[in-house]
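As structure tokens, the structure follows; a few thoughts come after it.
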Amino acid sequence: MFSQNGLSLDQAPPISVVFRFFLSGSIFGLLAGILTLLFGTDIFNADTSQALILTHTLTLGVMLSFMFGALFQMLPVIAGVKLTAPVKKANLVQYPLVVGVLLLLSAFYTGKAVFFISASMLLGITIIGIAFIMLKNLLALPNHSHSTKGMTIALSSLILLTLFALYLTATLAGLLEGTLYSQVKTAHYSFGLFGWITLLIISISFQVIEMFYVTPAYPAFISKSLPLRLFGLLLLGSIGAFFFAQSWFFVDIVIVGFLLCYALMTLRRLSQRKRPIADATVWFWRTGMMLLVLSASATLTTRFHPIPSLQAINYIFFAGFALSIVFAMFYKIVPFLTWFHLNAQGYFTAPMMHEVIHPKTAMKHLYIHLATLAAFVVSVYFTPIIYLAGSLTLLSFGWMLWQIVHAWKLYVHTQKTGERFEMTIPKAKD
């Protein structure tokens, strides 16, 4: 799937590991839809607890769940990293992550120190622990591709943003005075949005765009140095903010330039693919890249002319970019893993990938996703539409949830009733 040398069952974790992370991510997505219906357009005001709650539902509950699930699958096959005891490691990550996110959301809602402290302990130990394990395995590789180098930098960013988050929650819990709260807060969300989410997507794309869609490789000035340059800029902005208040202004402009270059290059590569048929995943990637262009352009505009409504729309653009890529990967990973694991187990009645999730089913989700984004944008100017946006969010993640359940049911049903190849060894003649 991700390796030109093929994929063996010994390398891949059990299918349940990936599916469970995807399941929890979809459930948190449903929670995001419910919160949108409850909070209304208050979610667009970054200074409100409602905005904090929804933001962390999406970034920790949804994005981190899907990204951890994808990493458990991709590290062995992209990088050749063998994660020992993957089921045990997944359990030690997923359950504390779910509880920790719920505690953090409760902390933002109530402001109680006990929730901040409990959430910090669970999330801090869990996220830093698994990121360190993955990072250690990546650093031990004798040879690195552009994707593995980028993933290494993205995981380093995840550790840094978690450390920043622990400072923020300790301040909110009253354990620290928080004299550097403003600077650390900016560094936290900058590393979260650009150093973790965006960098991981960029790093993965170096491999999957070329392989899935048979496109020319990215030019060296992007694949070779973009992740390191982005990471360096984030460090520069974080450190510079302690001495120069406007450091992020200049750093953000350069980051925007890099992201525009990457997004436009990816759109160019997708237009050069050798497989002429554009399925839903191609359009999810295109949607994500176009939204990244819009988000970068909106960021550049608001740096010179702060416009509250445009800032709110920028949040929508960036969230839409990240979720579009998650959905694109979801519709590649789930059908493939269902077929692959059953085929590797010898079931010649294993459902084909299009039987697990039909291409038309994925395309319908694309339409739902586009309608959701449009509803959120319109709701910035006409607030009653926010309830349509919340309802469509429920439909979007409910759609994903059903695809996971359907794929799992097919997997279990085939194991129970499917016919397997029987290897027979002919007896030697006397």
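Just so you know, all these numbers are worked out from the coordinates, no wet-lab data involved. Quantities reported herein were computed from a predicted structural model and do not represent experimental measurements. For neighbour counting, all protein chains shown are included, and Cβ atoms are generated from backbone atoms with ideal geometry for every residue, glycine included.
Here are some notes:
- Nearest-0.05 FRET efficiency for L236 and L264, computed from C-beta distance (R0 25 Å): 0.55
- A Förster radius of 25 Å, combined with the Cβ-Cβ distance separating F244 from L163, puts the computed FRET efficiency at roughly 0.65.
- Loop-located chymotrypsin sites (Phe, Trp or Tyr not before Pro) in the stretch 340-430, at most 12 other Cβ atoms within 10 Å (DSSP): F348, F382, F421
- Note on D47 and L141: the model spin-label points, each 7 Å out from Cα along the C-beta direction, lie 4.5 nm apart.
- Coupling constants for the stretch 111-119 follow from the phi torsions by the Karplus curve (6.51 cos²θ - 1.76 cosθ + 1.60, θ = phi - 60°), and in residue order they are x, 7, 4, 5, 6, 4, 5, 5, 5 Hz; glycine and proline get x.
- Placing +1 on the Cβ of every Lys and Arg and -1 on the Cβ of every Asp and Glu, with nothing else charged, gives the chain a dipole about its Cα centre of roughly 820 debye.
- Under 20 Å of direct C-alpha separation, and excluding same-chain neighbours fewer than eight residues apart, K274 reaches these lysines: K332.
- For the stretch 277-414, the relative contact order is 27 percent, taking Cα pairs closer than 8 Å that sit 6 or more residues apart in sequence and dividing their mean separation by the residue count.
- Site pair A220 and Y189 shows an inter-label distance of 3.9 nm when each label is modelled 7 Å from Cα along Cα→Cβ.
- Loop-located GluC sites (Glu not before Pro) across the stretch 328-430 with a Cβ neighbour count of 11 or fewer within 10 Å are E419, E422, with loop assigned by DSSP.
- Sequentially through the stretch 287-294, phi angles give Karplus couplings (6.51, -1.76, 1.60; θ = phi - 60°) of 4, x, 5, 5, 5, 5, 4, 5 Hz, Gly and Pro residues having no value and appearing as x.
- Remark: the Cα gyration tensor places the stretch 1-143 in the prolate category, a/c being 1.5 or greater and a/b exceeding b/c.
- For F382 and T349, the difference between the fully extended length at 0.36 nm per residue and the C-alpha to C-alpha distance is 6.7 nm.
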